[in-house]
Structures are given as structure tokens and as C-alpha cells.
Ligand code: DX5
Ligand code: ZN
């Protein structure tokens, strides 16, 4: 399978979000990654339902919504109504992860689980068959533009083995500090989806930055 590219709009110019979305529509981006932060699970607050609803009106690609919020199970239907196609919750924020993953799928979305840099992939062994996506955070969640954590490479390799052993169809997404210096190695280790925020939106040619990641 050719890998997917999911630019994160966290680093976009919010005063010109429409233009960024048009750019993404025309680009080789596969998904649009949207970071939702609540100021409790992570030390930052970003966007919520009204903005996602408006993004949905313009976006021609699936919305990959990354929830960095406590008790994400409370808002599953609201994110579906807002337009999420893929909804990912943090392992660290989910007491009843199996129930939450089931509820996301019942609501008609693809279900993902995200793990922080300190969380070992082995904790996913008993849920891997149920999820469509595992997102490995390669920075501590909360902010764009942070430095990639090198340990993420081995986490991808270990997760790939868990997925294969369980005959799971889960995709491996990597989120944080992804750029042209680490993308090829991430794919070689087994990543299926690359999220990139700062690398894409700080580029003078975002469309080319996306194409460069896609063409690896
Ligand atoms: C961080 C977010 C990321 C972020 C990635 O908490 O989950 O999606 O936008 O941005 P970069 O690529 O700039 O690290
Ligand atoms: Zn994210």
C-alpha cells in the first residue's frame, strides 16, 4: 500500500484557513489532520465543533480528528456530526478504551488509538484487532513544531509485529516532528500514515512539501 499523508492544520494560518484547505484539496494530501486540545489532557487549547463543521464544508478529503481531551467518549457523536471521518482517542485518556472504540465505529467512523511517547506499544495487544489506526506520538502532544523523538522508530517496528501477530488491519500513523529528514526511515520501519504540520505549513511551497513526502 502506498502510504498516506495527513497534513496537520495546527500550523496553518487560521486567518486564511479557507485558502489552506483549498491548497490541501488540490495537493497530494490524503487526509486532513485536525488536533483538538482541551487544556486539561494537554497544556494547550485549540479548536472545537463549530470550526470543524466549517472545515467539513470545504474539505474534499477525510477529516482525521485527533482528540487530545479527557473523557473523549463524551463527545463521539458530536464529532461525527461535525464531520469527523476518522476519530482517534488517547490510550492515556481512556479508562474503557474498548467501549470507546466500539462506540466510534458504531457512530460510523474509523476508530484510532493514540499513544504518548512514554507508552509502550505492548499495551495495545488486546485492542489491536479492534482498531483501524494506531497513532504513535513522536513528540509530547500539545504543540506543533517540536523535535522528533528518535525512540519512535523502534516503537513502529514493535507495533508492526503486534499488528502482524494479531492479523490486525490497523494502520500505523506517526504524529509529531515529521519532516524530510525522518520520513523515509519512518516508512521503512512500517509507518502507513505521516502527519506533518510545521514541515508543510512553514514551507514556502506547501504543495511541494506534501508531494515530497507522498513521493517517497
Ligand atoms: C501535536 C499534534 C500534532 C502536530 C504535529 O500535539 O498532535 O498533530 O500538529 O505538528 P508538527 O508536524 O509540527 O510536529
Ligand atoms: Zn495530531
| Is it the case that segment 152-169 has a residue that's crowded, with 21+ Cβ neighbours inside 10 Å, within 26 Å of residue 101 (Cα to Cα) and within 12 Å of ligand 1 (Cβ to nearest atom)? | yes
| Just checking, which of 83, 108, 112 is crowded, with 17+ Cβ neighbours inside 10 Å and away from ligand 1 (no atom under 16 Å from the Cβ)? | 83
| said: Between 113, 139, 200, which is within 14 Å of ligand 2 (Cβ to nearest atom) and closer than 22 Å to residue 1 by Cα? | reply: 113
| Is it true that residue 149 is over 17 Å from the mean Cα position of the chain (by Cα) and modelled with pLDDT of 95 or more? | no
| Among the residues of segment 170-181, which ones are surrounded by fewer than 20 Cβ atoms within 10 Å (Cβ to Cβ) and within 11 Å of ligand 1 (Cβ to nearest atom)? | 179
| query | Can you tell me which residue in segment 187-209 is surrounded by the fewest Cβ atoms within 10 Å (Cβ to Cβ), limited to those that are more than 12 Å from ligand 1 (Cβ to nearest atom) and within 22 Å of residue 89 (Cα to Cα)? | reply | 190
| field | Hits in segment 22-45 (condition: under 19 Å from residue 86 (Cα atoms) and surrounded by fewer than 21 Cβ atoms within 10 Å (Cβ to Cβ)) | value | 25, 28, 30, 38
| field | Selection from segment 108-131 of residues that are touching a strand residue (DSSP E or B) at 6+ places or on another chain (Cβ under 8 Å) and closer than 17 Å to residue 73 by Cβ | value | 109, 110, 111, 112, 113, 114, 127, 130, 131
| task | Kindly establish whether residue 209 is in contact with a helix residue (DSSP H, G or I) (Cβ under 6 Å, 6 or more places away or on another chain) and in a loop (DSSP other than H, G, I, E, B). | result | no
| query | Listed residues 118, 90, 96; which is surrounded by fewer than 16 Cβ atoms within 10 Å (Cβ to Cβ), modelled with pLDDT of 95 or more and closer than 19 Å to residue 175 by Cβ? | reply | 118
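The values are calculated or read from the model by the stated rules, or taken from the named source; none is laboratory data. Here the structure is a predicted model, which means the values were calculated and not measured. No Cβ is skipped: glycine too gets one built from the backbone with ideal geometry, and neighbour counts run over all protein chains shown.
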